[in-house]
Amino acid sequence: SMQCFPGLVLALSSLLGALALLQLSLYLRGPSRYGKHEERLCRPRGRLPARCAWFLQELPSFLVPALLLALRSPPRLEPLGCRLLCCLFCWHYFYRTFIYPFFTRGRPFPLQLLFFGMLFCIYNGFLQGYYLIYCAEYPNDWCTDIRFTSGLLLFLLGMGINIHSDLLLRQLRKPGEVTYKIPQGGLFTYVSGANYFGEIVEWFGFAIATWSLPAFAFAFFTLCCIGPRAYHHHRYYLKTFTDYPKSRKALIPFIF
Ligand code: NDX
């Protein structure tokens, strides 16, 4: 049966950090080609409806840790913190897999990116789940530790912002529409990447609550992945809409 190999956790976390830097360097050259950044002339084949694509892509991030949690024998009952934290991770990906895709009005998603996205979700789902279920050690009163409580608060705040902003984006379109409009309301009043801001806050909250290398590596990856994407969205809006609100920033309210 499986056991904890600290070397494996260290190696996988380091590789995640390296992928984050690779991602960042790619983003300096240009955005990932999906959504509003897909080139016009792109072949119509090789794409999947947004619904299927997001469902398939995010499913492993839910399934892998959920299975690790369910199938561990003997079941890990102590400490409570490990199971709680693993459930938080699964909870986010339950939303992203089973709720978000069914409401999205996004354009068809490129198969090639879907493939890499899925690989990423398997990798990260395994790393976070494996660490929490097989390796993490927390004192029994971790649930009252300031890192757990403040991290959990940030996680919930970020998740709230992320879900609310996803909803605002969706309401910009009628079913079947694929045009882009200026997002309004919520945190979009201050930043172009309100959904991304929420997601980044969420994963840094998770990292603080778990106080673990894999979770900090993932938070860093998220920052490197969707931070620059917020900036590319911002530039797209400024170029496309002459009446785009001047005071709005790219990612961080009032700052950047
Ligand atoms: N999926 C995370 N890299 C990514 C898929 C692509 O969950 O090979 C990272 C995630 C993956 C990426 C993933 C990882 C890195 C990959 C990359 C592909 C290549 C890259 C694998 C896995 C890679 C190396 C080489 C390093 C391995 O038509 P549309 O789709 O544009 O419609 C949009 C709509 N919308 C508007 N509608 C009307 N008017 C407007 N102005 C609109 N603006 C947008 O709203 C969509 O339907 C919807 C949201 O669009 P957008 O562009 O704001 O968000 P999107 O990027 O689609 O993300 C959706 C949600 C969001 O809440 C975000 O926080 C979360 O997913 N997310 C996304 C990406 C990564 C991630 C979270 C994370 O890292 N935690």
- Item | Theoretical ellipticity at 222 nm over the chain - DSSP helices of four or more residues, -39500 (n - 2.57) apiece, nearest 500 | -20500 deg cm²/dmol
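Using 1/(1 + (r/R0)^6) with R0 = 41 angstrom and r between the beta carbons of Leu167 and Ser1, what's the FRET efficiency to the nearest 0.05? All intermediate terms of the calculation are to be shown ahead of the outcome.
On the way: r = 43 Å, r/R0 = 1.04.
Efficiency, rounded to the nearest 0.05: 0.45.
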- Message: For a quick size check, give me the Cα extents of segment 1-113 along its three principal axes, largest first, whole Å.
- Response: 54, 32, 22
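Please give me the summed charge of the neighbours of Phe126: other residues whose Cβ is under 15 Å from its Cβ, Lys and Arg +1, Asp and Glu -1.
0
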- Item | ³J(HN,Hα) computed for each position of segment 148-153 - Karplus, 6.51 cos²θ - 1.76 cosθ + 1.60, integer Hz, glycine/proline x | 5, 5, 5, x, 4, 4
- Quote the Stokes-Einstein diffusion coefficient, in whole µm² s⁻¹, for segment 215-256, based on the Kirkwood radius over alpha carbon pairs, a temperature of 37 °C and a viscosity of 0.692 mPa s. 290
- Task: With only alpha-carbon atoms counted, please give the Rg and Dmax of segment 1-56, in Å.
- Result: 17.4, 51
- Message: If the elastic network links every pair of Cα atoms under 10 Å, which of Asn140, Asn162, Asn195 fluctuates the most in the Gaussian network model of the chain?
- Response: Asn140
- Message: Per 0.36 nm of contour for each residue apart, how much would the distance between Tyr95 and Lys246 grow if the chain were fully extended, relative to their Cα-Cα spacing?
- Response: 51.1 nm
- In Å², rounded to a whole number, the accessible area per residue of segment 1-57 with probe 1.4 Å is 67
- Task: Tell me the label-point distance for the pair Ser25, Lys181, using the 7 Å Cα-to-Cβ offset, in nm and rounded to one decimal.
- Result: 4.2
- Task: Grab the chain and count how many Lys pairs have their alpha-carbon atoms under 16 Å apart, sequence gap of 8 or more, or different chains.
- Result: 5
- Query: Which residue fluctuates the most in the chain, going by a Gaussian network model with Cα springs under 10 Å, if the choices are Ser25, Ser165, Ser150?
  - Reply: Ser25
- At R0 = 35 Å, FRET efficiency that the Cβ-Cβ distance of His37 and Thr149 yields, to 0.05: 0.35
- Jot down the radius of gyration and Dmax of the chain, Cα atoms only, both in angstrom. 18.8, 61
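The values are calculated or read from the model by the stated rules, or taken from the named source; none is laboratory data. Because the structure is predicted, anything quoted here is derived from the model rather than measured. Cβ atoms come from the backbone with ideal geometry, glycine included; neighbour counts cover every protein chain shown. Heavy atoms of the whole protein, side chains included, go into the accessibility calculation; ligands, DNA and RNA do not. Shrake-Rupley method; radii C 1.70, N 1.55, O 1.52, S 1.80 Å.
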